[in-house]
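Next up is a structure, given as structure tokens.
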Amino acid sequence: MFGVIAVAVWLPLAASIVAITSEGTRPNTLRLNFVRKILAQNPSSGIGRVLQALNDMARIKRTTSELKEEMREQLELLRSACERYDGGSPIHGKEIATRLRVLLHHHGRSNSLLQQLQLRRARFLDTAGKFNPNNFAGTHNLTSVKITVDGETTISCYEPKCTSGFGEKSNWMPFPDWWKEVVIRDGNGAKFSRRDIVLHLADTDGGAHVDPSIEEQYKSLSRGNSLGICFGRNGEILGAPVRPELASARQIAHELLCTLGKRGVI
């Protein structure tokens, strides 16, 4: 009985694959959809790679000029999000992180736009400075803390170094080191790289996707003041700055834009 079922599945499937692959570079849509349907109905058949190959056949490779135009559009979106952040809307740090992910993250089937254009080979601007593993206090090397006192009201926030007015130390690093360098260490010892910040914001925290749950260490950083920074008056604690990851994303965008500017890309 099993053999009869297998033949019933494989004969039309094989015939369709032959027909698809013999019709040039653009597969027949109806036959391709039939093959996809058969494979979806038989997930245990061990031929998922065939489905992936057929999906790849149905895709048209972008030209270099098309990739460069996409780069121009992504950078325009990034700059626009940075302007909105600088204009007083820090929540746009999530949009900044999403653009950074598109441009920088290259893993598995996620293809970085910079990698496709061979631009990750450059040395990248580092404004964080070298991470000190012997400093066990909370560190946030891409940002500063701004405290504003207005009468009886005291407000604090994290600011990206590029807008804080305190100046920036600069160094230039190979992309892999820059991307994975520790730039935040909280009071609990949790470490975060540029990659960590971008992917948390873009993949799980509302940039491009909202996960039903988020990683505990990231939640402590973004919602729980795990950096341990607070301010007060006359010995009384009045509050603490929040959302260091958003300000850090804005500073990462600054570093990227400066890097591409130096390369003459923008």
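Readers should treat all values here as calculations from the given coordinates under stated rules, not as data from a laboratory. Quantities reported herein were computed from a predicted structural model and do not represent experimental measurements. With ideal geometry, Cβ positions are generated from the backbone for all residues, glycine too; neighbour counts draw on all protein chains shown.
Quick one: if you stick a label point 7 Å off each Cα along the C-beta vector at Thr148 and Asn111, how many nm between them?
4.5
Provide the FRET efficiency to the nearest 0.05 for the Lys191-Gln118 pair, computing r from the beta carbons and using R0 = 41 Å.
Efficiency, rounded to the nearest 0.05: 0.85.
Here is a follow-up. Just to confirm a number: summing +1 for Lys and Arg and -1 for Asp and Glu over residues other than Gln217 whose beta-carbon lies under 14 angstrom from that of Gln217, what do you get?
-2
On to the next question. In this model, which of Lys68/Lys146; Lys161/Lys219; Lys68/Lys219; Lys94/Lys180; Lys68/Lys191 are farther than 30 Å apart at the alpha-carbon?
Lys68/Lys146; Lys68/Lys219; Lys68/Lys191
Let's test the formula: R0 of 35 Å, r as the Cβ-Cβ distance of Lys219 and Glu76. What FRET efficiency results, to the nearest 0.05?
Once rounded, the FRET efficiency stands at 0.60.
Turning to a different aspect of this structure: Loop only by DSSP, 13 or fewer other Cβ within 10 Å of the Cβ. Give me the GluC sites (Glu not before Pro) in segment 226-266 that pass, ordered by residue number.
For GluC sites (Glu not before Pro) across segment 226-266 that sit outside H, G, I, E and B with at most 13 neighbouring Cβ atoms in 10 Å, the list is empty.
Skipping prolines and chain starts, which residues have an amide H placed within reach, meaning under 5 Å, of the one on Val183, given they are 5 or more residues away or on another chain?
Phe192, Ser193, Arg194
Also, I was wondering about something else. Work out the FRET efficiency for Phe136 and Ser170 from their Cβ-Cβ distance, taking R0 = 30 Å, and round it to the nearest 0.05.
0.70
Separate question: How much length is gained on full extension from Ile155 to Lys61, taking 0.36 nm per residue of separation minus their Cα-Cα distance?
Here the segment from Ile155 to Lys61 would lengthen by 28.8 nm.
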